[in-house]
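Asks: The following block contains the structure, expressed as C-alpha cells.
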Amino acid sequence: MFFHKVFMLCYLGIIMAPVHAVVHHKFEVRRTSHTRLCTTKSMLTVNGQFPGPTIYARRGELVVVDVINRADANITIHWHGVKMPRYPWTDGVDAVTQCPITPGKSFRQRVLLSDEEGTLFWHAHIDWARATVYGAIVILPPKTHTYPFPKPHAQLPILLGEWWNADVQQVYEDFIAGGASAQLSDAFLMNGQPGDQYPCSEQDALKLSVQPGKTYLIRMVNAMMNFIMYFKIKDHNLTVVGTDGAYTKPLNTDHIAIAPGQTIDFLLEANQPPGRYYMAARVYAGPVGYNYIPTTGIMDYVGNYTRPRPSSPVLPSFPEIDDGARSTHFSNKLRSLADDNYPIKVPMNITHNMFVTLSINTWPCPTNSCVFGYMLRASMNNVTMSLPETQNILEAYYKGIRGVFTPNFPAMTPIIFDFTEGYRRGNVAPAQSGTAVYMLDYNSEVEMVLQGTDYGVGDGVDHPMHLHGHSFYVVGSGYGNFDPNTDPPNFNLIDPPLGNMVAVPKNGWSAIRFKANNPGVWFMHCHYERHHSWGMKMAFIVRDGEGPNEKMLPPPPDMPLCEPPHTASTI
C-alpha cells in the first residue's frame, strides 16, 4: 500500500506539473432506452445521454475522466484529436493502446490537452459502439486570451450522427459475418434528433434561437459512421474559423462539407429578415442511388413578428448526391492563420517519405456466411491490419513482449502503376493480413502521400484518414495519380491547414506532413467505420528521444487488464 501511494504521488506529479488546471468528469457507460422514428430501443450511452455530455476545458488543461462500465459490453473511450503528449496510455483504442474496460470495471483516463484550441470530440473506439457513444470537446482559449475573431454572442455544438432502428452491435456482427457492406442507418441526426423530415421526429427537432444582428459560433462535429455530409442554413452564409482544434483564416461560404471524424467551427451572423430558417445536413459523398433524407433543425429569430409555418418545409438547396468527386473542393479552400500569434511549423527536412495506397480488397470467405462468396477487406499498402486478440500493441512495445506486432509496415506500395485506371490482374499485389507498425525516431519529419485507388473493388471511393497523437499539415491534394516530379512543387508550405483528418479524394491523393515528436504508439485509420472494420488501418511507434521530456511517461496503475475472451475486431 505504501508503494502504491508513493507511485501515485510521483505519477500525478509527472502528469500535473505542466498543467494549468484540472477538469473532472465521470462517464458511466450503460444501456438506456431511447426513441427515434417511432422505435424504442436499448443502447449504449454515457450518463444516459445521446449524444453524450460535452466536455469544456481551456487550452493546456488536464481533463480527468473516470470511465465506469456499467454495461454488458466491453468499452473504450478515445479523445479524438487530443495529442496526449508523451501519454498514449489513455488514448483509448482497443487492442492498440489498451485492452477494453470490461463490464463492472473502471478506468481513470487522463486527457492531456496541449496546443489544441477549438472543437474536438470523444467517442467509443471498439467495434461500432461509437454510433451511440460520442460527445463534443470544447477547448476554450486560456483566460488571458481571446478568440482570433470577434467574440460571438453565444455558441452551440452541433453533432451529426446516425440512427439504426436495429441494435448497432447486431448490425456490426451481421456486417462482419456477411463480408459485404453494412445495413444503412435509418436516419441522420443533428444533436441526436432526425428533424421533421422523418416520422415521429418533428417535436424534438433541434432549435436554435437567435437575435437579429448577433453572431453565433457553431461548433460542428461529424460523428457519423460512414458519410461525408453537406450542411447549409437557408439564406445564410457562414464563416469558417477553425477545424480539428486549430484556427483557420476566415472562409466565407454558403455551405460546410465535413467528413466523419472532422470538426469545423464557423460563425453564423443573424442578418436576414426575422423568421424561421431551416438548418439541414445531407449526404455529400456516398453511394449514389439511395434516397438520403436530410436531418434538419430550425433557426428561429426571437422577437415579436409573424412566423407563419410553411405547409411543407423549404430546405436549403443541395447539389446532386456525389460519390466523392467534389468532396475536396471545400477542404482545399482552408488555410491556417499562420500569423505571429498562431505561427505554423511545416516540416521541411523530411526524413521519411511514405507513399501509401488505400484500397478495398477481397478475401476468401472462411465460412458460408458471406453474401458474395468472398469477403471485402481494406488495406494500406496492401496490408490489411489485424488487431491482436489477447494483448495490445502499446503494452507489448513498452514491456518488450514479442509476437504481438511486426515493425515492418512498408513505406512504399509494393507495385507502382496507374492506380486509378481500374482493376487489372497483372498490376495488383495480393493484400496481406498482419499487425504491422512503422517505426519512427523521435523528431523524425514525415511526408506521407495517401493515394486513393480503384484497383480493388468498384471504381474507387474517398477516404477520411485520421492520425492519433499528432496534428499534421495538409500540404497538397489532387485527382488521379500523384506525380512525385510535378506535384511537390505545388505544395502549400506557407499556410496549409493543420488538423488530424484529411479526406483523400476518390481516385485522387492527399499529402500530409508531421513531426514525430510524441513518443508512443499512435493509430492511423480510415474514419469510415466500414473501411476501418475491413482493415484500413496501421500504427506508428515513435521511439523515445534523448532528453527527459522526450520520453514516454509510465502507464497508470489502473490500466485495464487483458482478460480473455477479448472482443476486439480481428478482421
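Asks: What aspartates and glutamates does Lys41 reach when the alpha-carbon gap must be under 14 Å and sequence neighbours fewer than 8 apart in one chain are set aside?
Replies: Counting by Cα, and skipping residues close in sequence, Lys41 has these aspartates and glutamates nearby: Asp167, Asp186.
Asks: For region 352-542, what is the charge dipole size about the Cα centre, in debye to the nearest 20, if Lys and Arg each add +1 at the Cβ and Asp and Glu each add -1 at the Cβ?
Replies: Dipole about the Cα centre, nearest 20: 480 debye.
Asks: If you don't mind, there's one more thing I want to ask. Mind grabbing the accessible area of Cys526 for me, 1.4 Å probe, Å², rounded to tens?
Replies: 0 Å²
Asks: Moving to a separate point now. At a Cα cut-off below 20 Å, give the lysines reachable from Lys105, other chains included and same-chain residues fewer than 8 away excluded.
Replies: Once the sequence-local lysines are set aside, what remains near Lys105 is Lys26.
Asks: Same structure again: For a test of the definition: using alpha carbon positions, the gyration tensor, and the 1.5 limit on a/c, classify region 79-222 as rounded, prolate or oblate.
Replies: oblate
Asks: While we're on this one: Let me check I've understood the local charge: for Ala511, count other residues with C-beta under 10 angstrom from its C-beta, Lys and Arg +1, Asp and Glu -1. What total comes out?
Replies: Net local charge, Ala511 excluded: -1.
Asks: How much net charge surrounds Val65 when only other residues with a Cβ under 14 Å from its Cβ are counted (Lys, Arg +1; Asp, Glu -1)?
Replies: Charge balance in the 14 Å sphere: -2.
Asks: Let me ask another. Have a look at the DSSP beta bridges in the chain and tell me what percent are antiparallel, nearest 5.
Replies: Restricted to the chain, the bridges split so that about 70 percent are antiparallel.
Asks: Given H placed on each backbone N at 1.01 Å, which residues far from Ser444 in sequence or on other chains put an amide H within less than 5 Å of it?
Replies: Here the answer is Ala516, since their amide H atoms fall under 5 Å of that of Ser444.
Asks: Lys143: which lysines have alpha carbons under 24 Å from its alpha carbon, excluding same-chain residues fewer than 8 sequence positions away?
Replies: Output for Lys143: Lys83, Lys151, Lys214, Lys249.
Asks: Can you give me the Cα centroid spacing of region 331-398 and region 172-199 in angstrom?
Replies: 24 Å
Asks: For the chain, what does -39500 (n - 2.57) per DSSP helix run (n ≥ 4), summed and divided by total residues, give at 222 nm, in deg cm²/dmol to the nearest 500?
Replies: Mean residue ellipticity at 222 nm (helix-derived): -2000 deg cm²/dmol.
Asks: Return the percentage of antiparallel bridges among DSSP beta bridges fully within region 73-139, rounded to the nearest 5 %.
Replies: Among the beta bridges of region 73-139, antiparallel pairing accounts for roughly 90 percent.
Asks: Cα gyration tensor of region 354-421, axes a ≥ b ≥ c as square roots of the eigenvalues: rounded (a/c below 1.5), prolate (a/b > b/c) or oblate?
Replies: Oblate, since a/c reaches 1.5 and b/c is not below a/b.
Asks: Then there's this: Where a ≥ b ≥ c are the square roots of the eigenvalues of the C-alpha gyration tensor, would you call the chain rounded, which needs a/c under 1.5, or, failing that, prolate if a/b is larger than b/c, or oblate?
Replies: Because its axes are fairly even, with a/c under 1.5, the chain counts as rounded.
Asks: Moving on to the next point. Would you list Asp72, Asp495, Asp544 from the most to the least accessible area, probe 1.4 Å?
Replies: Result of the area sort, largest leading: Asp72, Asp544, Asp495.
Asks: Moving to a separate point now. What does DSSP give for region 352-542 in terms of the percent of beta bridges that are antiparallel, rounded to the nearest 5?
Replies: The antiparallel fraction comes to roughly 70 percent.
Asks: Of Glu421, Glu546, Glu117, which has the most accessible area with a 1.4 Å probe, and how do the rest follow in descending order?
Replies: The ordering from most to least exposed comes out as Glu546, Glu421, Glu117.
Asks: Sorted by mean Cβ packing within 10 Å, highest first, what order do the peptides 261-273, 375-387 take?
Replies: 375-387, 261-273
Asks: So, one more: At 1.4 Å probe size, with every protein chain present, just tell me what the per residue accessible area of the chain comes to in Å².
Replies: 39 Å²
The values are calculated or read from the model by the stated rules, or taken from the named source; none is laboratory data. What you see is a predicted model, and the numbers here were worked out from it, not measured in a lab. Positions of Cβ are generated from backbone atoms using ideal geometry, with glycine treated the same way; all protein chains shown enter the neighbour counts. Remember, those area values only see protein heavy atoms, side chains included, never the ligands or the DNA or RNA. Shrake-Rupley method; radii C 1.70, N 1.55, O 1.52, S 1.80 Å.
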